[in-house]
Amino acid sequence: MMVRIFFYLLAGSRRCRPDLAILLASIFSMSGCSTAPAPWEPPRIPPAAPSVSAPESVPEDIQPRELIEPVTTAPSIPTTGRRPGFELGWLVAAPDYLSASDLVTSAMEHNVTHVQIGGTVLQAIDDLILDANKGEFVRQLARQLDARGIDTLVWSRELHLESKTFRYLATDPLVAARQAAYRTALQTIPEIDGVVLSFDGAWLEPWNSQAPAGFAHIPVPDRIRFIIEMVKPVIVDEMGKRLYIFVNASRLDAIDWIAEAVNAYPVDSFPLIFPLNLPYGAMVGPLNPYLNELAARPRLILCDLAGGAFGGPRFVVSLGGELGRYIRDMERENWRGIATPVHLAAGSVYNSLNTINLLTLTQLAQNPNVVPVVPWSDWIQRTYGAAPMTREGQTLRRIYELSYTWACKMAYVKQFFPFADQGDLPTVDQLRQRLTERWGDRLGQGYQYIYRDLREPKKQTLLDITQEAYEALSGLEQAIQELENIRDHLHPMEYEDLNRRLTHQRRMAEALFYAKQTFWGLDWWRRTKDEDEALCMEANLQRLERLAVEWEQHTGGQRLPGDPTRIREWVSAIRREFPRVLFGARERNWNKIQNVIIRQTGPSSAEVQWTSAWPSTSRIFVTTRLPIFDRMQPVSEFSATRHQIPLDHLQPGEWYYIKLQCISEKGEVTNSGEFRFQLEAQPVM
C-alpha cells in the first residue's frame, strides 16, 4: 500500500501534497525578490520540537507541525542503553505464516537477544502508524519480547519520500516531517528498543535523489550523513533508543558511499550491521576502501543461516563449519554479534531442518571452541533418534556435512557467485549486470583472473563450469541413494520429508547446471560459430524446456525455487540471441571427475580418492586460502581411472581446499571444482 507523507500547515488542519506544501512554505519564507539558490548547509539538524507553532505574525519562523499527530498522550520513554556482550539476533523479513507467540517461544529457546523487524514487513517507520495491522502486530510482539528480556529493533529505509527531489536543508519542512514520524512511532510503541537505518530499497534512495532546480549538487556521502543527522537526534538523544546503520546496497558504489559517510563519525557513534554472504565467504567490508577505519567500529554480522540463498527451508544447507570459522574470526576482530533472517514463507525456519544452524550458532556463541560436528551429532540424535556411531547416524551426519558443498557448487561458477543470493534462477540480464560490476578488481589478483575468464569464456572454461555443476548433481544423487539405504531405520514421515528436500534440491541443481551451460555456451558460440557447440547449446536449451514441464507437474502450480516460469523466461532470453538448431542436438561429453572421497587417516593426515571417466594422469592442488592454490602434488605418472593420494602435515581445525586435475591420453584437461575439508582434533563419540 502506497503511503503518502504529509504535514499540517499552521493555518489549518487540511492535508496537503508534499510538493504543494514545500512550495507554500518556500513562499512564506521568502524575503525580497532574490532568486539566488540557497547554499547547501552542513548536515547538522536539531530535533524538531513536537507540535510547537511559531506566532502567526512572523511568517519567516513558521515551523511545520508533525507528520502524524499522536492519537494518545505519549507515555514516558525509558532509556534502553543496555547491550548484550554478544548479540544474537533474528530478522523477521516476511509476514507469511508469522506467529508472534511461536516466534517468541523459539527465540527464547535459542537464546536470542534481539529480534529485528524489517524486510517486507516494514518499509519504513511510518508503517507502524499508518498501517493499523502492522502497528498492532509490532506492538504486541515487542511487549511479549520485552517481558522476556529480548529487545525489539525495527528497520526503516530512508528517504521515505515519493518525490524524486529533496532539498538537503535543515529548514526543509520534510525534515521535520521525517523526524516527527520517528518520534510518534517510538512514543506510540515505547517497547521498541532501536532502529536499523537502511538506505538501499528506500522509496527515494540518497544516490538517486535529485537537487531541485537552482540548488547545488551534493556529494552522495554528504547526503547520507544528512539523513543520519536528521533521524539520530530523535532516535538517540530525544527518545533514548539505539541506532544501527546497515552498511550494504545493491550497487558497489553505493556501498562505498555509505562506508565513507559512516567513516566521518566517531568510532562509538552507533553499531554497524554488515551482511556476510556465507556461501561466498566474504563480507561487505573487504570490498570497499574504508575497511581499516570501519574495522575499529562496533559491528554485527547479518548472515543467512536458513539457506535462503539456495531455496530457503526447503533445501538442506548446514552451515556449522562456516559458522565456527566466522565466530572465531569475530572474536579476533572484536565483533559485536551475529543476526540471521528468519524465513517464514515455507513455514517457520525453527520448525524446519535448518534449525540445525540456529542450534550451532547458539552453542558457538556460548563456546567458540565447539567442534561443529558436536551440534550436528546432537541435533541428529534428537531429531531422528540416530546415535552418532550407528550406520544411520553416520549417514545423516555425512549428508548434513556435505550439504553446504552441494549448495555452493549449485550456485557458484568458478568461485563467482551469480546464483548465490537468489534461491532461484536469476534473469539473464541480472547475470550480465553482475559480470559487469567490478567485484573481481576489489578481491585481488586471483579473482581478477576468474572474472576475465568468465567475461571471455574459452573452451576450457565451459568444461570447468560443467564439471563443477556436475559435482553438485552427483553429490545429491549419492545422498538420495544413501538415504534410501537407511530408510528402514527412520520414521516414514522423517524419511519422506528429507527425501523430498534432497530431491527438490537435486532438481534445482539440474536447472542451474543447464542454465550455466547455455549462458556461457552462448558467449563461446558467438565467438566460434562452431557447429558442435551449437548442437550442445540446443541440447541444453531443450533439456531446460523439459525441466520446466517436469517441474510444473511436480509442484502442481505451487511457487517454489525452480519456478517453471523463470526457467522458460531464461530459455526465451537465450533463444532471442541464438537460432534454433533444426538438425538434432547432442549432449557434451567430457572426462568427468566423480566419486570424490576425502577421509582422515591420522591426526594430521588425510587421503583423497576419485575416479575419472577416461584413463588419465592426475594431480592435486591444495590451499588454505582461495583462490590461489599454493601447493601442487602429482598423483600418478601413468594413466588410470582410479586415483588416490595421501596428504600429510595438515593442521587440525584448519580448513583446506583442494582442486583435482586429470589429463587424458589425448592431452585434454579436466579440472574439478573446489572441495573443502577439515581435520578433527579427536573423534566424536
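The values are calculated or read from the model by the stated rules, or taken from the named source; none is laboratory data. A quick note: this is a predicted structure, and the numbers were derived from the prediction, not measured. Here the Cβ is made from the backbone with ideal geometry for all residues, glycine too, and neighbour counts use every protein chain on show. Ligands, DNA and RNA are excluded from the accessible area calculation, which covers all protein heavy atoms including side chains. Shrake-Rupley method; radii C 1.70, N 1.55, O 1.52, S 1.80 Å.
For E531 and R455, the difference between the fully extended length at 0.36 nm per residue and the C-alpha to C-alpha distance is 25.2 nm.
Full extension of the chain segment joining M632 with E569 gains 18.4 nm, where the gain is 0.36 nm per residue of separation less the Cα-Cα distance. Protein-only accessible surface at a 1.4 angstrom probe places the residues M493, M230 in the order M493, M230, largest first.
Average accessible surface for region 118-161: 32 Å² per residue, computed with a 1.4 Å probe over protein heavy atoms with every protein chain in place. With the convex hull drawn around the C-alpha atoms of region 595-685, the volume per residue stands at 97 Å³. Taking 17 Å as the cut-off, the amide N atoms of region 598-615 that come nearer than this to a point 7 Å along the Cα-to-beta-carbon line of Q481 belong to 598, 609-614.
Heavy-atom accessible surface of region 618-685, averaged per residue, reaches 58 Å², computed with a 1.4 Å probe. Accessible surface of R500, taken over heavy atoms with a 1.4 Å probe and every protein chain present, rounds to 130 Å².
Any of K529/K666; K458/K659; K458/K516; K459/K666; K516/K659; K458/K592 with alpha carbons more than 22 Å apart? Name them for me. Spell out each step's value before the answer.
Details: K529/K666 24 Å; K458/K659 19 Å; K458/K516 14 Å; K459/K666 15 Å; K516/K659 20 Å; K458/K592 18 Å.
Going by Cα-Cα distance, K529/K666 fall outside the 22 Å limit.
Per-residue 3J(HN,Hα) values for region 487-498, derived from phi via the Karplus relation 6.51 cos²θ - 1.76 cosθ + 1.60 with θ = phi - 60°, read 4, 5, 9, 10, 5, x, 5, 5, 5, 4, 5, 5 Hz in sequence order (x marks Gly and Pro).
The listed residues E260, E637, E158, once ranked by accessible area (1.4 Å probe) with the largest placed first, stand as E637, E260, E158.
Per residue, how much accessible area does region 489-557 show when a 1.4 Å probe rolls over the protein heavy atoms, in square angstrom?
Per residue, region 489-557 has an accessible area of 42 Å².
Ordered by 1.4 Å accessible area with all protein chains kept, W614, W525 run largest first as W614, W525. Give me the distance between the Cα centres of region 106-149 and region 200-231, rounded to whole Å. Comparing the Cα centres of region 106-149 and region 200-231, I get a distance of 28 Å.
The dipole here belongs to region 567-624: it is taken about the Cα centre, uses +1 on the Cβ of Lys and Arg and -1 on the Cβ of Asp and Glu, and is about 280 debye. Accessible surface of region 627-685, 1.4 Å probe: 51 percent of it comes from carbon and sulfur atoms. Mark the label point 7 Å from the Cα of E668 along Cα→Cβ and return the residues of region 512-553 whose backbone N is within less than 13 Å of it. In region 512-553, the label zone of E668 (backbone N under 13 Å from the point 7 Å along Cα→Cβ) covers 533.
Between T105 and E550, what FRET efficiency follows from the Cβ-Cβ distance if R0 is 30 Å, with the result rounded to 0.05? E between T105 and E550, to the nearest 0.05, is 0.15. If Lys and Arg each add +1 and Asp and Glu each add -1, what is the summed charge of the other residues whose beta carbon sits under 12 Å from the beta carbon of L547? Cβ neighbours under 12 Å give a net charge of +1. Ligands, DNA and RNA left out, the accessible area of region 124-251 computed with a 1.4 Å probe is 46% carbon and sulfur.
Largest first, the three principal axis extents of the alpha carbons in region 117-186 are 43, 21, 17 Å in whole numbers. Extent along the principal axes, Cα only, for region 480-534: 54, 15, 10 Å, with the longest axis given first.
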